[in-house]
Amino acid sequence: MSDFVKTEDAPMFAPEEGMRRQVLAHNNQLMLVRHYFEKGWVGTRHSHPHTQLVYVVSGAIRAEMDGRVIEARAGDSFVVDGGVEHQASAIEVSEVLDVFTPAREDYRELVNKTSPAF
């Protein structure tokens, strides 16, 4: 559990070309994750059991889910329900905050491998 995280102490991961990920504060119920996307990045289509709240800090992204396509710009937010297949891409260089509930164990495992537990 990392219920307090200093940004400069949180490791940065590059799980896909054109994307950087930083796992921030989390407990078993919630996880805050920052993503940076390069313009033109296209994410892998996927689904997960977690409910995901997306907030676009800067830039613009396109998201496809459940046959619906949305373009979200700085200040916009949306929810991806658990189990829904979705895909995102970056229209512009973007920073996005994601909140997952419950916390993503796959992301937590990455953090635990690279930094000590609190």
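Read the figures in this text as sums done on the coordinates, not as results from a lab. Note that the coordinates shown come from a computational prediction; the quantities given were computed from them, not determined experimentally.
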Relative contact order as a percentage, the chain, C-alpha pairs under 8 Å and 6+ apart, gives 30
Compactness summary of region 50-116: radius of gyration and Dmax from Cα atoms, Å, are 13.2, 41
Comparing ARG20, ARG34, ARG68 in a Gaussian network model of the chain (Cα, 10 Å), the one with the largest mean-square fluctuation is ARG68
In degrees, nearest 10, the alpha-carbon axis of helix 105-114 is tilted away from the dominant principal axis of the alpha carbons of the chain by 50
Which of ILE61, ILE91, ILE70 fluctuates most in a GNM of the chain (C-alpha springs under 10 Å)? That residue is ILE70
Cα extents of the chain along the principal axes, largest first, in whole Å, come to 39, 27, 24
